[in-house]
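Asker: One structure is given below, represented as structure tokens, and several questions about it will come after.
We did not get these values from a lab; they are worked out from the coordinates using the rules stated. For clarity, every value in this text was computed on a predicted model and none was experimentally measured. We place every Cβ from the backbone using ideal geometry, glycine too, and count neighbours over all the protein chains shown.
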Amino acid sequence: MMKRKIAYCLPSLYIPGGMERVLTIKANYFAEVMGYNIFIILTDGKEEKPFYELSPKVKVINLDINYNQLWDKSFIRRTIGYFYKQHKYKKKLKKCLYEIEPEITISMLRREINFLGSINDRSIKIAEIHTNRSNLRDFSYEKDPFSIKRILAKIWMYQLIRKLKKINTFITLSNEDKDKWTELNNVEVIYNPIPFFPNQISECNNKQVIAVGRYVPQKGFDLLIDAWKIVNQKHPEWTLKIYGDGMRDELQRQINKLSLASSCILEKPVSNIADKYCESSIFVLSSRFEGFGMVITEAMACGVPVVSFACPCGPRDIIKEGLDGLLVENGNIQELANKINYLIEREDIRKQMGKQARINVERFKMENIAQNWEQLFDNIISYNKI
């Protein structure tokens, strides 16, 4: 039986981002377990080592386009340079695809999506989105509906839709997001896989709540800290630990202002995050928006019940309300505090939800997600042979 040959396109692998992490997990599994021939075609970071450990069976090709050279240029030079590099990228990618002859070429919805559908190398074209449509180009903070940024965002989205109509299949990370792409009839949903499923699980005994993510506005830790002030007044013996990095000073000032320094602790990122989940009894996701919310599935894999904003997009697809976690109206700080208090005060429900979370999240194991991808690959290859 002929091995599947799949090519992925994205900028680089040296950045510790969610998209890079998910692709590494999938590529390693496809190559090691399923025997696929996996190629990852990059444009930047030729001398950089992948941040996440990549299987030696995965072949990396760097086209050495270096878009990052444009970052410190003036607007005009950046614009001219971008079009030059796009032309160079298309030429090199076309040559690369003709040489390696993949059955399927997958764009991570980066710069190649602008021309991938026009490369006639006989490979079937797929695109994956790793955020949600509403926040793909988010200028909601622009109050003027006729601002140049809003107008450009609308033009950009119109052009993106045209490009996505030319590819075979467009993959979203949630059914909630799929429903937003009303102009397309080629959309499928495949969830992100859990990066781990540890033998050790939380007993939900410790008086500790955990949150994990970059310290950026998207993750809503400012909202969580405000909610924790309410929780702390009722349950001062409980501790909140937030693992991440970024806008640390701003968050610490907020914590100090609310006199929460002893119960709300900003922790550095750790490599053994599964151990930290297992030390905790409740996980909180306070994001304003997500692409999927993989930290939810990580916590659930460790037997930790989740309290999450029902933000777009992901939490509604993952959490079974009242069974393995609790959903909160997006941005509602008082309700977030109430739901955290609810689980703090009901140990039996907390432990039962944690056990159920561990069971329910098995559907996100890599072997199950891989079956979804394999079925998709088989279906589109069979259909295109007809």
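Asker: Give me, ordered by chain and number, the residues 5 or more places off Ser287 or on other chains with an amide H under 5 Å from its own placed amide H.
Answerer: Phe309
Asker: Along the charge dipole of the chain, pointing to its positive end and built from +1/-1 on Cβ of Lys, Arg, Asp and Glu, which listed residue (Ile282, Ile167, Leu54) has its Cα farthest out?
Answerer: It is Ile167.
Asker: On to the next question. With +1 on each Lys and Arg Cβ and -1 on each Asp and Glu Cβ, how big is the dipole of the chain about its Cα centre, in debye rounded to the nearest 20?
Answerer: On the way: 58 positive and 46 negative charges, 328 e Å.
The dipole magnitude comes to about 1580 debye.
Asker: What list of ³J(HN,Hα) values in whole Hz, one per residue of segment 250-264 in order, does the Karplus curve 6.51 cos²θ - 1.76 cosθ + 1.60 (θ = phi - 60°) give from phi, with Gly and Pro shown as x?
Answerer: Karplus values, whole Hz, x for Gly and Pro: 4, 5, 5, 5, 5, 4, 5, 4, 8, 6, 10, 4, 7, 10, 10.
Asker: If I stretch the segment between Gln233 and Val33 completely, what's the gain in nm (0.36 nm per residue apart, minus their alpha carbon distance), one decimal? Walk me through the intermediate numbers first.
Answerer: Working: separation 200, 0.36 × 200 = 72.00 nm, distance 5.06 nm.
Gain on stretching Gln233 to Val33: 66.9 nm.
Asker: For segment 68-81, take each phi angle, set θ = phi - 60°, evaluate the Karplus expression 6.51 cos²θ - 1.76 cosθ + 1.60, and give the result in whole Hz per residue in order, putting x for glycine and proline.
Answerer: 5, 5, 8, 4, 9, 8, 5, 4, 5, 5, 5, 5, 4, x
Asker: Taking Cα extents along the principal axes in Å straight from the coordinates, which label in [x] 105, 47, 34; [y] 72, 56, 34; [z] 63, 52, 41 is the correct one?
Answerer: The value matching this structure is [z].
Asker: Please order Glu335, Glu101 by the number of other Cβ within 10 Å, starting at the fewest.
Answerer: Details: Glu335 17, Glu101 12.
The most exposed by this proxy come first: Glu101, Glu335.
Asker: Which order do the peptides 365-372, 35-42 take when ranked by the mean count of other beta-carbon atoms within 10 Å per residue, highest first? Walk me through the numbers before you get to the answer.
Answerer: Working: 365-372: 15.9, 35-42: 21.5.
With the highest mean Cβ count within 10 Å placed first, the list reads 35-42, 365-372.
Asker: Here's another thing I want to ask about it. Hey, which aspartates and glutamates would be in cross-link range of Lys85, C-alpha to C-alpha under 16 Å, not counting anything within fewer than 8 residues on its own chain?
Answerer: Here the aspartates and glutamates satisfying the reach criterion relative to Lys85 are Asp44, Asp64, Asp72, Glu112.
Asker: A further question follows. Taking 8 Å as the Cα distance limit and 6 or more residues as the minimum spacing, I'd like the relative contact order of the chain as a percentage. Intermediate results must be reported in sequence, preceding the final value.
Answerer: Values: 698 pairs, mean separation 52.4, N = 386.
Worked out over the chain, it gives 14 percent.
Asker: From the cross-link list Lys3/Lys57; Lys26/Lys365; Lys207/Lys241; Lys5/Lys165; Lys229/Lys339; Lys26/Lys166, which pairs have alpha carbons spaced over 20 Å apart? Don't skip to the end; give the middle numbers.
Answerer: Working: Lys3/Lys57 13 Å; Lys26/Lys365 11 Å; Lys207/Lys241 11 Å; Lys5/Lys165 23 Å; Lys229/Lys339 14 Å; Lys26/Lys166 25 Å.
The answer is Lys5/Lys165; Lys26/Lys166.
Asker: Sticking with this one: How far apart, in nm, are the 7 Å Cα→Cβ label points at Glu347 and Lys57?
Answerer: Result for the modelled spin labels: 4.7 nm.
Asker: Once R0 is set to 22 Å, what does the formula 1/(1 + (r/R0)^6) return for the Cβ-Cβ distance between Thr79 and Ile151, expressed as a FRET efficiency to the nearest 0.05? Provide the component values of the computation, followed by the final result.
Answerer: Details: r = 17 Å, r/R0 = 0.77.
About 0.85, to the nearest 0.05.
Asker: Now a separate question. With θ set to phi - 60° and the Karplus curve 6.51 cos²θ - 1.76 cosθ + 1.60, what are the ³J(HN,Hα) couplings of segment 200-209 in order, to the nearest whole Hz, using x for Gly and Pro?
Answerer: So the Karplus estimates, Gly and Pro as x, are 6, 9, 6, 8, 6, 9, 5, 7, 9, 10 Hz.
Asker: Amide H of Leu326 versus every other amide H placed in the peptide plane: which residues, excluding those fewer than 5 positions away on the same chain, fall under 5 Å?
Answerer: Val306, Val307, Ser308
Asker: Taking R0 as 25 Å, what's the FRET efficiency between Ser271 and Asn66 from their Cβ-Cβ distance, rounded to 0.05?
Answerer: Numbers: r = 30 Å, r/R0 = 1.18.
It comes to 0.25.
Asker: Can you tell me the FRET efficiency between Gln218 and Glu99 if r is taken as the Cβ-Cβ distance and R0 is 45 Å, rounded to the nearest 0.05?
Answerer: Values: r = 39 Å, r/R0 = 0.87.
Taking R0 as 45 Å, the efficiency between Gln218 and Glu99 is 0.70.
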